[in-house]
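Let me begin by presenting the structure, written as structure tokens, before commenting on it.
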Amino acid sequence: MLYIVGLGLYNEKDITVAGLEAVKKSERVYLEAYTSILSVGKEKLEDFYGKDNIIIADREMVESDSDAILKDADKIDVSFLVVGDPYGATTHTDLIIRAREMGIPIKVIHNASILNAVGACGLQLYNFGQTISIVFFTETWRPDSFYDRIKENHQFGLHTLCLLDIKVKEQSIENMARGRLIYEPPRYMTVNQAVEQLLEIEEKRQEGICKPDSLAIGCARIGQDTQKIVAGTLEELVDVDFGGPLHSLVLIGSRMHEMEAEYVEDFACNKETFEAIVKRDYVH
């Protein structure tokens, strides 16, 4: 059996009982280590799960060498561990398709992910539209296609969850060109960087979707003891210190419910400004 096991959002103890049972009986255990991170390293997982040989599965292994992960999984139990929920990233769907093609039995064990835990910010999950990803800008690559998805959500008054870029085990263009296996330090996009990029796109497109006074909620380390949630205008959030990773950003939709507004106001960095903008542009 191939077990795809969700680990939740925080540490080694967030695994479900069913997930832990699957890991304990697996002969090989892989930890997917590039779409998200836990607050603890694999050593903590090994201690808690009673496994001393968890294999780190980077992007290259999962996307290009999945046969190594799936080897003999029709004869032995293999666990593939995913931070959050197994279906939170398309890569894991691809692994499941490959396993099916090889006739390997599969069991998916779910857990909490940012896609549902974002409800901690006070917005109701069924009022969210399409989830989008914001990638790091470079000097030569400044994509803005996700703005169109935000715009579509905006037209229906829906909130937008923005997942922020993670760079783990990435090579510089120079090292890649020279064939040198030298990797850049990990980088995790902050709410501040995401907001700056959105404001830059808005300045270029001038469509009024992500204005400086548009309301948003910055979320950091959701599900952890140190989680931080701050609501305000995009302009205000640029200057908030959210601390360490992982961060996400929620753009508030114009059909904000009164109950949502009341809940979110407690997170506002400036309650007076927040209340005034909510009354003017959001709750009707």
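The values are calculated or read from the model by the stated rules, or taken from the named source; none is laboratory data. Keep in mind that this is a model prediction, so the values were computed, not measured. Every residue, glycine as well, gets a Cβ built from its backbone with ideal geometry; the counts of neighbours run over all protein chains shown. Areas reflect the complete protein model, heavy atoms only, side chains present, ligands, DNA and RNA absent. Shrake-Rupley method; radii C 1.70, N 1.55, O 1.52, S 1.80 Å.
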Item to complete: Tell me which residues, restricted to region 59-86, are open to solvent by 60 Å² or more (accessible area, probe 1.4 Å) and within 10 Å of Glu32 (Cα to Cα).
Response: Arg59
Worksheet entry | Residue tally, condition in contact (Cβ under 8 Å) with a residue 40 or more places away in the chain and either hydrophobic (A, V, I, L, M, F, W, C) or buried (at least 21 other Cβ atoms within 10 Å of the Cβ) (or both), over region 260-281 | 6
Item to complete: Scan (1) open to solvent by 20 Å² or more (accessible area, probe 1.4 Å); (2) more than 23 Å from Leu115 (Cα to Cα); (3) at pLDDT 95 or above for the single condition Glu174 breaks and write down its number.
Response: (3)
Item to complete: Could you tell me which of the residues Val108, Val135 is open to solvent by 30 Å² or more (accessible area, probe 1.4 Å) and closer than 28 Å to Met1 by Cβ?
Response: Val108
Worksheet, complete the sentence: Note on Ile56: of the conditions (1) in a strand (DSSP E or B); (2) open to solvent by less than 10 Å² (accessible area, probe 1.4 Å), unmet is (2)
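Residues are listed down the side, and each one gets a yes or a no for (1) farther than 17 Å from Arg255 by Cβ; (2) open to solvent by 40 Å² or more (accessible area, probe 1.4 Å); (3) in contact (Cβ under 8 Å) with a residue 12 or more places away in the chain:
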position: Leu123; (1), (2), (3): no, no, yes
position: Thr131; (1), (2), (3): yes, yes, yes
position: Lys151; (1), (2), (3): no, yes, yes
position: Gly157; (1), (2), (3): no, no, yes
position: Thr160; (1), (2), (3): no, no, yes
Discussion item. Tell me yes or no: at least one residue of region 238-252 is of a type outside the set (A, V, I, L, M, F, W, C), open to solvent by 50 Å² or more (accessible area, probe 1.4 Å), without any contact (Cβ under 8 Å) to a residue 40 or more places away in the chain and not in a strand (DSSP E or B).
Written reply: yes
Worksheet entry | Residue match in region 216-235 (condition: under 17 Å from Phe156 (Cα atoms) and either buried (at least 20 other Cβ atoms within 10 Å of the Cβ) or over 21 Å from the mean Cα position of the chain (by Cα) (or both)) | yes
Worksheet item: Does region 1-16 contain any residue that is without any contact (Cβ under 8 Å) to a residue 60 or more places away in the chain and among the hydrophobic types (A, V, I, L, M, F, W, C)?
Response: no
Worksheet item: Given region 66-125, what helices (runs of 4 or more DSSP H) lie entirely inside it while holding 1 or more residues that are under 18 Å from Ala22 (Cα atoms)?
Response: 66-70, 90-101
